[in-house]
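Engineer: Below is the structure I would like to discuss, written out as structure tokens.
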Amino acid sequence: MVNTNTNALGIIFPNSYDSLVPDLVSERLMASIPFAGRYRMVDFLLSSMVNSGIDNVSIIARKNYHSLMDHLGSGREWDLTRKNGGLNIVPPYSEKNMKVYSGRVEALASILDFLKNQKEKYVILADTHTAVNFDFREMLNAHIESGADVSIAYKREEIPEGFKNISTSVGDLYYTLSIENDRVNRIFINSSEPGLQNFSMNIYIMDREALMELVKSAYARGYIYFERDILAPRLDKMHVHAYRFNGYTAHLSGMKSYFDENMKLLDDANLDALFDPNPVYTKIREDNPTRYLNGSRASNIMAADGCVIEGDVENSVLFRGVKVGKGATVKNCVLMQDTVIADGAKVEYLITDKNVTISSGKELKGTDSFPVYVAKGQIV
Amino acid sequence: MAKEMIAMLLAGGQGSRLYALTQKLAKPAVPFGGKYRIIDFPLSNCVNSGIDTVGILTQYQPLVLNEYIGNGQPWDLDRLYGGVHVLPPYQQASGSDWYKGTANAIYQNIPFIERYNPEYVIILSGDQICKQDYSDFLRFHKEKGAEFSVAVMEVPWEEASRFGLMVADENDKITEFQEKPKEPKSNLASMGIYIFNWDILKKYLIEDEADPDSENDFGNNIIPNLLRDGRNMYAYHFSGYWKDVGTITSLWEANMEVLDPEHSGINLFDDEWKIYSRTSGMTCHKISPDAIVENSMVTDGCRIGGTVKHSILFAGVRVEPGAEVEDAVVMGGSVIKAGAHVRHCIIAENVVIGENASVGAMPAEGEKGVATIGPGVYIGDGATIGPNAMVNQNVKDGDEQW
């Protein structure tokens, strides 16, 4: 067969780090959190995989996955509606031996039969808390060249503040790496070291059959975490290659970081870094172009289609279908889909979830360090 | 299973009065309203009316149109049985023919229509901006027991002689057809949208094809023949927004009317009657801190650093700081560089307007000129393009064209 595609399949864990953004995931999961005006977090990984020639992607959901199913549909927007491979959403209980998993090992153990029947030589594992334009082909080539058993992508950066509040009881762990000659020699769990660290992006590449063997034996021993229980104890025997990523990343690690990461995209350099070189695909909504009516004023904003702006908007990110009424002022806000800021309302440092209405004349103000969050569907 | 009604969309028109815009593009593929192409309107009307089978008859510059239509998925017209089909002229055992006229185009596709064994066929035109419920038109056709119905618009009497006119009695039964008459007997202009009983249409197409003197045209041949035979012909009154965007001026006007849906009647923001299109897939648009955007429509991928007033920007347009855009239609991917002035004009796709260049001008009293820049053209720094210019070749730095 002509070799058009990358010889790897993707596995995405859409619930990772849900615990960092409890408000945003009350009716969804990390992967379906709206981001950057017209996307959901999962779009970045999925598009990166597709743009890297991967056309077999599984998403192993743990809970709250209805919004994700709705978003992904048949996978057509990502060109993943295929006879072979394509998009495969695995909810809990989809097979007899499947339950709600708590760690990556259990999640992978639940799809061993599936993994066995795939043709790709390599498996790529990834989480969705990071928006990134990632070249998996380049990482795969580096992995093959290194001769390693496993490759981990990392970025040299400070540990995002939100991670330090992580609740270990829910089982979300984060990892920093000690590296020598591109080889990982220690994995630190939930480190709080200040300054630049080798912060794991939780993107892994390894041989499909080797992964299956590891998961089988780890699962039999009751292990839960791939990193803590499989990789960390074996670093002397296994060659774990550290793959450094230098591109733009937006990690969601809390409400404040959600606000900041959206706002950062008002800087063209950041937006271009996140969306170049490859496009990011998302579910299409039939929206009109955005309309700026007479008397409106817009300054330093990013807006999706379908908005109608009659008021005054400044330093804000507007998702699809946002309405800003006459005489309303919107300053330093992130307004998700179909938010309505009615006539004369004044809002500042606000994050509104989907379908929020701020009624006429109301004033609502947060601060830079504590933006106010209004939950989905609320009318204020 | 037979289909009740299928649509045949005439999209072969060259649109020669759109000059620079249709050099490499069939008229139905001309961009419109920020993120649409003209053909989105009849296609969306079909889907919204419950028609799931559409044949698109193309022959002039079909490349862009073919690619745009693709499998019809954006209009929900990717169907197992039916869906959208692009129908170019093809070679047959008896030889090959271009479509000689509108009726001949349908004649050559009789086998396509027969596959669906429809009771009715609606003939649509691919060069109009119009939101219309064809199911209501069909209801009228059935209620009247018509064999042929035509959608008509009332036009001002003084303009009537520019149109093909239907003379009808008080029951809307058509008694006479006048093609651009000097002395109009009616002000009911044909919109070029017809519903036929398929058996009748087929009979008249075959008869028309056999007539060596026929121009094979609906208006000039088929309709007069139906009248001659005293067929049941009715005029269906349509009173919504309708615009033939066959000229630069009318295309520009229709775009400007989109900016004022409250008065113009063309509301693209109607959730009950969506217009579907193939989307650009670009990121959100951005408006810089010092930019000014007033009374305009902006879509994905745009970056605005300058001033935009009363204009429509298509996907991926860049307006650099210090540039001014007013009363303009700027199509996808075009760049207006710093200090350039763009006014009262249509800029086609992927155009670059150089720094400090000037395109078009606000019209003086009684003037109507809409400057037009064809696709992919480069207008050099400091160049000047007059309000009546039609540019489809690069213009050097500092040059003038009037």
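Engineer: Let a ≥ b ≥ c be the square roots of the eigenvalues of the Cα gyration tensor of the protein assembly as shown; is it rounded (a/c under 1.5), or, if not, prolate (a/b larger than b/c) or oblate? All intermediate terms of the calculation are to be shown ahead of the outcome.
Structural biologist: Working: a/c = 2.24, a/b = 1.68, b/c = 1.33.
Verdict is prolate for the protein assembly as shown.
Engineer: Per 0.36 nm of contour for each residue apart, how much would the distance between A:S102 and A:E157 grow if the chain were fully extended, relative to their Cα-Cα spacing?
Structural biologist: Working: separation 55, 0.36 × 55 = 19.80 nm, distance 2.75 nm.
Additional length available on full extension: 17.1 nm.
Engineer: Let me ask something else about it. When the Karplus curve 6.51 cos²θ - 1.76 cosθ + 1.60 is applied with θ = phi - 60°, which whole-Hz ³J(HN,Hα) does each residue of region B:111-118 get, with x for Gly and Pro?
Structural biologist: Listing the rounded values in order: x, 4, 5, 5, 4, 9, 6, x Hz.
Engineer: While we're on this one: Thinking of chain A as a set of Cα atoms, what percent of all their pairs are more than 28 Å apart? Kindly include the intermediate steps, with their values, before the conclusion.
Structural biologist: On the way: 32881 of 72010 pairs.
Of all Cα-Cα distances in chain A, 46 percent exceed 28 Å.
Engineer: Another one. Per 0.36 nm of contour for each residue apart, how much would the distance between B:K274 and B:S16 grow if the chain were fully extended, relative to their Cα-Cα spacing?
Structural biologist: Working: separation 258, 0.36 × 258 = 92.88 nm, distance 2.93 nm.
My answer for the length gained is 90.0 nm.
Engineer: If the cut-off is a Cα-Cα distance under 23 Å, which lysines reach B:K142, setting aside same-chain residues fewer than 8 apart in sequence?
Structural biologist: In chain and number order, the partners are B:K3, B:K131, B:K173, B:K202, B:K203.
Engineer: Still on this model: Each residue of region B:35-45 in order: what ³J(HN,Hα) in whole Hz does its phi give by Karplus 6.51 cos²θ - 1.76 cosθ + 1.60, θ = phi - 60°, with x for Gly and Pro?
Structural biologist: For region B:35-45, the Karplus-derived couplings read 8, 10, 10, 3, 5, 4, 5, x, 5, 5, 4 Hz, x marking Gly and Pro.
Engineer: If amide H atoms are built 1.01 Å from N in the plane of the peptide, which residues on other chains or at least 5 residues away come under 5 Å of the amide H of B:A168?
Structural biologist: Residues meeting the criterion, in which the H sits 1.01 Å from N, are B:T175.
Engineer: For A:I379 and B:N117, what does the FRET efficiency come to when R0 = 41 Å and r is the distance between their Cβ atoms, rounded to the nearest 0.05? Write down the numbers at each step before the final one.
Structural biologist: Details: r = 52 Å, r/R0 = 1.28.
With R0 = 41 Å, the Cβ-Cβ based efficiency is 0.20.
Engineer: Separation between the B:D229 and B:A364 pseudo-spin-labels, each 7 Å from Cα along Cα→Cβ, expressed in nm?
Structural biologist: 5.8 nm
Engineer: B:I56's amide H: which non-local residues (gap 5+, or another chain) put their own amide H closer than 5 Å, with H modeled 1.01 Å from N in plane and none for Pro or chain starts?
Structural biologist: Sorted by chain and number, the residues that satisfy this are B:L9, B:H85, B:V86, B:L87.
Engineer: Give me the one-decimal nm value for the distance between modelled label points at A:T367 and B:E215, 7 Å along each residue's Cα-to-Cβ direction.
Structural biologist: Inter-label distance under the simple model: 7.8 nm.
Engineer: On to the next question. Please give the residues of region A:244-278, grouped as numeric ranges, whose backbone N is less than 16 Å from a label point set 7 Å along the Cα-to-Cβ vector of A:K164.
Structural biologist: A:253-257, by backbone N distance to the label point.
Engineer: Give me the Debye-computed log₁₀ of I(q)/I(0) at q = 0.08, 0.10, 0.13 Å⁻¹ for chain B, equal point scatterers on Cα only, no solvent, two decimals.
Structural biologist: Scattering profile of chain B, log10 relative to I(0): -0.46, -0.70, -1.09.
Engineer: What is the calculated FRET efficiency for A:I284 to A:K216, with r their C-beta to C-beta distance and R₀ = 45 Å, to the nearest 0.05?
Structural biologist: 0.65
Engineer: Taking R0 as 35 Å, what's the FRET efficiency between A:K331 and A:D79 from their Cβ-Cβ distance, rounded to 0.05?
Structural biologist: Numbers: r = 39 Å, r/R0 = 1.12.
For R0 = 35 Å, the calculated efficiency reads 0.35.
Engineer: So what is the relative contact order of chain B, in percent, for Cα pairs below 8 Å that sit 6 or more residues apart?
Structural biologist: On the way: 993 pairs, mean separation 52.1, N = 402.
The value is 13 percent.
Engineer: If I model a spin label as a point 7 Å beyond the Cα along the Cα-Cβ vector, how far apart are those points for B:N71 and B:I110 in nm?
Structural biologist: With each label point 7 Å from Cα toward Cβ, the separation is 3.3 nm.
Engineer: What number comes out for the charge environment of B:M256, summing +1 per Lys or Arg and -1 per Asp or Glu over other residues with Cβ under 15 Å away?
Structural biologist: Details: positive: A:R291, B:K243, B:K309, B:R343, B:K368; negative: B:E253, B:E257, B:D260, B:E262, B:E294, B:E326, B:D327.
The answer is -2.
Engineer: Next question. Go through region A:227-240 residue by residue and turn each phi into a ³J(HN,Hα) via Karplus (6.51, -1.76, 1.60, θ = phi - 60°); whole Hz please, and just put x for glycine and proline.
Structural biologist: 6, 5, 9, 9, 6, 3, x, 10, 4, 6, 8, 8, 8, 9
Throughout, read-outs are computed from the coordinates displayed, never taken from laboratory work. Predicted, not measured: the structure shown is a model, and the values here were computed from it. Virtual Cβ from ideal backbone geometry, glycine too; neighbours counted across all protein chains shown.
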